[in-house]
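Student: First the structure, which I've put down as C-alpha cells, then a few questions once you've had a look.
The values are calculated or read from the model by the stated rules, or taken from the named source; none is laboratory data. If you're wondering where the values come from, they're calculated on a predicted model, not measured in any experiment. Cβ placement follows ideal geometry from the backbone for every residue including glycine, while neighbour counts extend to all protein chains displayed.
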C-alpha cells in the first residue's frame, strides 16, 4: 500500500478497509468526503481516491470488471421508474447495484431536492442496493461535481453495476457520457419535436435509445417515435465499438414490459469480439477525463484560496466592470498561478 500523508491517514485507511468489505455506511461517508468543499477534506479525498483508482486499474486488467451506465434524458421521461425496475432485475440476476441519482439543487440550501430517490421505492428497500442522491449544484451535463469519484468508490466497494441517473438534460448536455461505460437515453413518444432525433448532442452520445411509456394511449406514439429515431440514428457516424449499431427500443417501466429486449441488447453488446478492448479504452479515457475535471476544479480552488487572497473574484470583477478584457484576465490568471502569461500582458500594455 502506498504511504499516506499525515492528514487524516487513520480515517482514510479505515475507510479503505471498510470499503473493501463492501460496507455501505463507509461508502456513504467516502462519497460525502469527496463531495466536500473543505480544503482539509479535499486532501484526504485525494489520498483516498489515489488508492482507489490504482486498485481499479489493476482489477480492470486484463479483463474489465463491472458495468457503469448513465440513464439520461429530459425531465419526466420516467428515468427513476426505469432504474427502479432495472435495478431490481439486476439484483435478481446476482449483481450488486449502486445508483447515483443526481438531483436538482435547492436554490436555498444547495442540497438535493431528493425527488428521484423517492421514486425508487422498491430498490431502496433491497439489501444489495445502494442509492445515493447528490446535488447537481452548478455542474452542467446532468452530473454532480464528484460523480466520477463516487462511481469509482462504488466499484471499489464491490458494486458491479453502477447506474447514474442524471438531472433532466437538454440537447447539448453530454458530460455524463464521458464518465460511464454506456449511455442510455430515455425519451417519450411525441415529446414535442422529433426533429431533435437528427440533431447532434445527447442523441449522438447515446449508446442505446429507449422510448418509455409505451403503454395505453401512448403506445402508438412511442412506436412511431422509435421508428423515427431508428432512421435518424442510421445517419450518424459509426459507433466506436466495431459492429455495434445504436438501437432504439420501446418499453413501459410502469407496466414492466419491454425490458427483456433491453437485456437481450446488453448481452449482444457484451458478446461482440471487440467489447473488452473497447471497454478498456473507455475506462482509460474516463481516467483522463477525470484528470481534466479535477485539474479544472483545482485551478478554480487556487484562484479562490491561493496566496491568501480571493484572486478569482477580483479578476472577475475587473472583467465585469470593463477594466480587463477576457483575454487580459486570462493572462493575469496565468501569471498569478506562476504560469506563462506575462508576455501577453506586456503586448497588451504596448498597444
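Here is a yes/no grid of residues against (1) in contact with a helix residue (DSSP H, G or I) (Cβ under 7 Å, 6 or more places away or on another chain); (2) outside any loop (DSSP other than H, G, I, E, B):
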{"position": "231", "(1), (2)": "no, yes"}
{"position": "237", "(1), (2)": "no, no"}
{"position": "244", "(1), (2)": "yes, no"}
{"position": "254", "(1), (2)": "yes, no"}
{"position": "260", "(1), (2)": "no, yes"}
{"position": "264", "(1), (2)": "no, yes"}
{"position": "268", "(1), (2)": "no, yes"}
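Student: Please determine, by comparing only the residues of the range 303-340 that are part of a loop (DSSP other than H, G, I, E, B) and at positive phi, which one is modelled with the lowest pLDDT.
Tutor: 338
Student: Take the conditions within 24 Å of residue 298 (Cβ to Cβ), assigned by TED's automatic domain parsing to the domain that holds residue 80, at pLDDT 85 or above and buried (at least 24 other Cβ atoms within 10 Å of the Cβ) and apply them to residue 143. Does it pass? Give the steps one after another, and end with the answer.
Tutor: On the way: within 24 Å of residue 298 (Cβ to Cβ): yes; assigned by TED's automatic domain parsing to the domain that holds residue 80: yes; at pLDDT 85 or above: no; buried (at least 24 other Cβ atoms within 10 Å of the Cβ): yes.
The answer is no for residue 143.
Student: Considering only the range 160-179, state which residues are farther than 18 Å from residue 34 by Cα, at pLDDT 95 or above and crowded, with 24+ Cβ neighbours inside 10 Å.
Tutor: 163
Student: So, residue 98, is that one closer than 26 Å to residue 284 by Cα and either in a strand (DSSP E or B) or outside the structural domain of residue 128 (by TED's automatic domain parsing) (or both) or not? Before you say what the answer is, go through the steps one by one.
Tutor: On the way: closer than 26 Å to residue 284 by Cα: yes; either in a strand (DSSP E or B) or outside the structural domain of residue 128 (by TED's automatic domain parsing) (or both): yes.
The answer is yes for residue 98.
Student: Quick one: is residue 26 out of contact with any strand residue (DSSP E or B) (no Cβ under 8 Å at 6 or more places or on another chain) and surrounded by 19 or more Cβ atoms within 10 Å (Cβ to Cβ)? Can you show your working first?
Tutor: Values: out of contact with any strand residue (DSSP E or B) (no Cβ under 8 Å at 6 or more places or on another chain): yes; surrounded by 19 or more Cβ atoms within 10 Å (Cβ to Cβ): yes.
Against the criterion (out of contact with any strand residue (DSSP E or B) (no Cβ under 8 Å at 6 or more places or on another chain) and surrounded by 19 or more Cβ atoms within 10 Å (Cβ to Cβ)), residue 26 qualifies.
Student: Now a separate question. Between 58, 89, which is in a helix (DSSP H, G or I), in contact (Cβ under 8 Å) with a residue 40 or more places away in the chain and either in contact with a helix residue (DSSP H, G or I) (Cβ under 6 Å, 6 or more places away or on another chain) or surrounded by fewer than 18 Cβ atoms within 10 Å (Cβ to Cβ) (or both)? Working first, answer last.
Tutor: On the way: 58 fails: in contact (Cβ under 8 Å) with a residue 40 or more places away in the chain.
So the residue among 58, 89 that is in a helix (DSSP H, G or I), in contact (Cβ under 8 Å) with a residue 40 or more places away in the chain and either in contact with a helix residue (DSSP H, G or I) (Cβ under 6 Å, 6 or more places away or on another chain) or surrounded by fewer than 18 Cβ atoms within 10 Å (Cβ to Cβ) (or both) is 89.
Student: Quick one: is residue 265 touching a strand residue (DSSP E or B) at 6+ places or on another chain (Cβ under 8 Å) and surrounded by fewer than 19 Cβ atoms within 10 Å (Cβ to Cβ)?
Tutor: Working: touching a strand residue (DSSP E or B) at 6+ places or on another chain (Cβ under 8 Å): yes; surrounded by fewer than 19 Cβ atoms within 10 Å (Cβ to Cβ): yes.
Yes, satisfied.
Student: Hey, another quick one. Going through 36, 68 one at a time, which residue ends up being touching a helix residue (DSSP H, G or I) at 6+ places or on another chain (Cβ under 8 Å), modelled with pLDDT of 95 or more and within 25 Å of residue 131 (Cβ to Cβ)?
Tutor: Values: 36 fails: modelled with pLDDT of 95 or more.
Step by step, each of 36, 68 is checked, and only 68 is touching a helix residue (DSSP H, G or I) at 6+ places or on another chain (Cβ under 8 Å), modelled with pLDDT of 95 or more and within 25 Å of residue 131 (Cβ to Cβ).
Student: Just wondering, is there one or more residues in the range 192-200 that are within 23 Å of residue 285 (Cα to Cα), more than 11 Å from the chain's Cα centre (by Cα) and at pLDDT below 90? Outline the logic, then answer.
Tutor: The initial filter retains those residues of the range 192-200 that are within 23 Å of residue 285 (Cα to Cα), namely 200.
Those left that are additionally more than 11 Å from the chain's Cα centre (by Cα): 200.
Now drop any that are not at pLDDT below 90, which leaves 200.
Yes, there is a match, as at least one residue in the range 192-200 is within 23 Å of residue 285 (Cα to Cα), more than 11 Å from the chain's Cα centre (by Cα) and at pLDDT below 90.
Student: With respect to residue 214, determine if the residue is touching a strand residue (DSSP E or B) at 6+ places or on another chain (Cβ under 9 Å), crowded, with 16+ Cβ neighbours inside 10 Å, at pLDDT 90 or above and outside any loop (DSSP other than H, G, I, E, B). Full working, then the answer.
Tutor: On the way: touching a strand residue (DSSP E or B) at 6+ places or on another chain (Cβ under 9 Å): yes; crowded, with 16+ Cβ neighbours inside 10 Å: yes; at pLDDT 90 or above: yes; outside any loop (DSSP other than H, G, I, E, B): no.
It is false that residue 214 is touching a strand residue (DSSP E or B) at 6+ places or on another chain (Cβ under 9 Å), crowded, with 16+ Cβ neighbours inside 10 Å, at pLDDT 90 or above and outside any loop (DSSP other than H, G, I, E, B).
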